[in-house]
Amino acid sequence: MNRFIVMAVAAVTLAAGGTARAADTLAEDEAAIAKHIQTLHDPSNEVREAAAKSLREIVAKYGNGTSNIREKDAGEARWQEKVSQIIPGMTKAEALNVLRSPEFSNLGGFGSGQSHSESYRLDSHWTVTIQYRNPDKVLARPTLSKKESGIYVTPPAHYTGTWNGWYVNGQKRDEMHFKDGKYDGVCAHYHDNGEKSYEQHYVNHVIDGPDTGWYRDGKKMYVGQYRKGKQHGQWIHWYSDGQKQAERNYKDGTLDGFEAGWNPNGQKRFEHHYKDGVRINEAAWNEQGVLQYKREYKDGKLVK
């Protein structure tokens, strides 16, 4: 009997020791992460890159893709609980009071008609977007998104070469090419999961050449072209499921030729034709594909 008691005590002691070692390792990794994130502000490209590599190695051990290694879900449940408290009809002040945190910041927004949206950073790993009915009433349930905070260090004056920025999980944020302090060559931005966000081409700080964007899952978001700083040729945008969203044609920055938009269900929403930026004709359909109207213009004025 005593032998079984001794074995049980030994097993408990072993388990406790393993838990303590795991806690020590977690604390050590958290301290290392904090140090490496601070190093991402270093003016040296090589020093920042080494810190980012170390961050990726630590983050990979925990599996949630963020530098918040203490919470398996990187804090999602905690923030989701707060976000769920925000309901339509609340004032902006009431909503933001629920979300306030030491790292809280306004990331900006955009407006259309009688409503506008604003995005906020909650911490280094999460953002939330709230849609308001003007001026300040919450219109719909907020959207919580996982997005690591990025760090970008301004290159020295007249810098020539490649310059990188990083996310706090060690993934690349930007890869920019400079010549004498100006964008020159391929400039790319990345999502915090390592997928490319967009890629543009520059000549002596002027955007010139292909411009391509991607969603977080690697699916294409848009393709287009610039010529000497102006949109030129065909531009196509897609929804996140791959369905075409819009197609436009430009000539030296001005709409010229065919333009159309599609609903998420694949039905065409509108079709326009332009000549040197002046609309020639247009048509619109509802979500079921039923024609709503057709119009023709002459010298920019409606004639039929």
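Things worth noting here:
- Note on segment 241-282: among residues that are over 24 Å from the mean Cα position of the chain (by Cα) and hydrophobic (A, V, I, L, M, F, W, C), the one that is surrounded by the most Cβ atoms within 10 Å (Cβ to Cβ) is 255.
- Selection of segment 46-89 for residues being of a type in the set (Val, Ile, Thr), in a loop (DSSP other than H, G, I, E, B) and in contact (Cβ under 8 Å) with a residue 60 or more places away in the chain yields only 66.
- Any hit, segment 239-261, residues being in a strand (DSSP E or B), of a type in the set (A, V, I, L, M, F, W, C) and modelled with pLDDT under 95: no
- Members of segment 105-138 found to be in contact with a Lys or Arg (Cβ under 7 Å, 6 or more places away or on another chain), surrounded by fewer than 19 Cβ atoms within 10 Å (Cβ to Cβ) and not in a strand (DSSP E or B), listed by number: 114, 136
- For the criterion of being within 21 Å of residue 53 (Cβ to Cβ) and among the acidic types (Asp, Glu), residue 199 fails.
- Taking segment 142-182 as the range and being in a loop (DSSP other than H, G, I, E, B), more than 15 Å from residue 43 (Cα to Cα) and in contact with a strand residue (DSSP E or B) (Cβ under 9 Å, 6 or more places away or on another chain) as the test, the residues that pass are 142, 147, 148, 149, 168, 171.
- Given (1) closer than 22 Å to residue 146 by Cβ; (2) crowded, with 18+ Cβ neighbours inside 10 Å, index of the condition residue 61 fails: (2)
- Whichever residue in segment 214-240 is surrounded by fewer than 16 Cβ atoms within 10 Å (Cβ to Cβ) and of a type in the set (Lys, Arg) and, among such residues, is nearest to residue 277 (Cα to Cα): 230
- The condition of being at pLDDT 95 or above and within 16 Å of the chain's Cα centre (by Cα) holds for only one of 179, 172, 228, that being 172.
- Qualifying residues in segment 168-194 (those that are at negative phi and touching a Lys or Arg at 6+ places or on another chain (Cβ under 8 Å)) - the one surrounded by the most Cβ atoms within 10 Å (Cβ to Cβ): 169
- Residues that are in contact with a helix residue (DSSP H, G or I) (Cβ under 8 Å, 6 or more places away or on another chain) and either under 20 Å from residue 194 (Cβ atoms) or polar (S, T, N, Q) (or both) do not occur anywhere in segment 86-106.
The values are calculated or read from the model by the stated rules, or taken from the named source; none is laboratory data. What you are looking at is a predicted structure, and each value in this text was computed from that prediction instead of being measured. FYI the Cβ positions are ideal-geometry reconstructions off the backbone, even for glycines, and counts take in every protein chain you see.
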